[in-house]
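Just below is one structure, and these are the notes that go with it.
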Amino acid sequence: MRAWHVDRPGPVSGHPLELRDTPVPEPGPGELLLRVLVCGVCRTDLHVTEGDLPVRRPGVIPGHEVVGEVTALGDGAAGFTAGERAGAAWLRHTDGTCKFCRRGAENLCPASTYTGWDADGGYAEFMTVPAAYAYKLPPGYPDQDLAPLLCAGIIGYRALQRAELPPGGRLGIYGFGGSAHLAAQVALARGATLHVMTRGRKAQELAAELGAASVQGPADMPPEPLDAAILFAPVGDLVLPALAALDRGGTLSVAGIYLTDIPPLNYERHLFTERQLRSVTANTRDDGREFLEFAAGHHLQVTTHRYPLESAGQAQRDLEEGRFDGAAVLVP
């Protein structure tokens, strides 16, 4: 099979991904073998490729927003049948026994492993996934629209939950890419007023099209105080204006796995009056199931841009430069 490997992490402008022939993997006990139909291009893939996330598996195949067809089942794999569609996402395995797993916070498991970082992912024609961590997919969506739901959607959903937006509240979103444009639709469906701060004309136009009450530059103040905010852009400098935009008791949720350094905070301007700054770490499988159930009942507008598998490097470069709105997907 053809697959992209991260052999020497570095800037995507230097073409660090290498496409080469690789043996088709065999499913181990409890695993599914998927023929990749579509794989989303996530900013986390970019961080793995560029080395912002330290290498865990030399030569890893990135990609963790995967819609695939089950072609084989390992011993003991349950819940899926050959020929069925299944989704593979970022969280690949947890130990199930640590204090975090026991209290329902498996996303904090110290032994957790991740697709496209610890194990080979979906920038390929085939991949494996533990059946217990694969997702049933909602009907009514084409494959290319399902792929971004499996990370951008799930992580955006968790970030929205962490932001503690009150019913009918005012939400600010900083950065408006694949994850943000899905989280925004969940918030709007729940009755929120949405204000978007982002760069790029196409992203701003998409935000307005989806129903944002206002759209402005990435560090601009929204027209009214925010009850909650989510930072999707991996830019630490934006933490300060986002906190300053919060009303009393508001919460800023930082959704990225990687963030540039945050400048010094001023306590009175940024945190006083019980404003909160919270991080988001991966997701639980329950988060994924809840979000996909929401997607089944509320048809989301998923904006995608197709690239052939051979153009994975170009897709990552376009993502870094903000050349498209929504999300990119690779199609073998």
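Just so it is clear, none of the values below were taken in a lab; they were calculated from the coordinates. Remember, predicted model here, so these are calculated numbers, not experimental data. Using ideal geometry, Cβ is built from the backbone for each residue, glycine included, and neighbour counts are taken over all protein chains shown.
When only Cα pairs below 8 angstrom with a gap of at least 6 residues are kept, the chain shows a relative contact order of 19 percent. For segment 154-279, averaging the sequence separation of C-alpha pairs within contact (under 8 Å, six or more residues apart) and dividing by the residue count gives a relative contact order of 25 percent.
Of the peptides 47-54, 21-28, the ranking by mean beta-carbon count within 10 Å, highest at the top, reads 47-54, 21-28.
Under the convention that each Lys and Arg Cβ holds +1 and each Asp and Glu Cβ holds -1, the size of the dipole of segment 211-332 around its Cα centre is about 120 debye.
Ranked from largest, the principal axis spans of the Cα set of segment 154-279 equal 36, 29, 28 Å.
Which order results if K99, K202 are arranged by neighbouring Cβ count within 10 Å, fewest first? Before the final figure, lay out each step's value.
Numbers: K99 10, K202 15.
Ordered from fewest to most neighbouring Cβ atoms within 10 Å, K99, K202 come out as K99, K202.
Considering only chymotrypsin sites (Phe, Trp or Tyr not before Pro) in DSSP loops that have at most 14 other Cβ atoms within 10 Å, the longest stretch of the chain without any of them is 1-257. For the chain, dividing the convex hull volume of the Cα atoms by the residue count gives 126 Å³ per residue. Between L37, V55, M127, the Cα set farthest toward the positive side of the dipole of segment 1-134 (charges on each charged residue's Cβ, about the Cα centre) is that of V55.
Sparse packing (at most 14 other Cβ atoms within 10 Å of the Cβ) combined with a DSSP loop state is found for the following GluC sites (Glu not before Pro) in segment 208-277: E274. Computed over segment 2-134, the alpha-carbon pair-distance distribution with 10 angstrom bins reads 14, 41, 34, 11, 1, each value a whole percent.
Exposure proxy for I262, I173: other Cβ atoms within 10 Å of each Cβ, ordered fewest to most, give I262, I173. Counted by neighbouring Cβ atoms within 10 Å, the residues E69, E321 run from fewest to most as E321, E69.
Against the chain, whose longest principal axis comes from its Cα atoms, helix 285-297 is set at around 80 degrees. Multiplying the residue separation of R103 and R2 by 0.36 nm and subtracting their alpha-carbon distance yields 32.3 nm.
Principal-axis analysis of the Cα atoms of the chain puts helix 178-189 at an angle of about 60° to the longest axis.
With a Förster radius of 45 Å applied to the beta-carbon distance between K136 and M221, the computed FRET efficiency rounds to 0.60.
In this calculation the C-beta distance from D118 to A78 is compared with R0 = 25 Å, giving a FRET efficiency of 0.65. Measuring from centroid to centroid over Cα atoms, what is the spacing of segment 1-20 and segment 54-99 in Å? One Cα centre to the other: 21 Å. As a length-normalised measure over Cα pairs under 8 Å and 6 or more apart, the relative contact order of segment 1-150 settles at 30 percent. How large is log10 I(q)/I(0) at q = 0.16 Å⁻¹ when the Debye formula is applied to the Cα atoms of segment 8-62, each weighted equally and without solvent? Log10 I(q)/I(0), no solvent term: -0.63.
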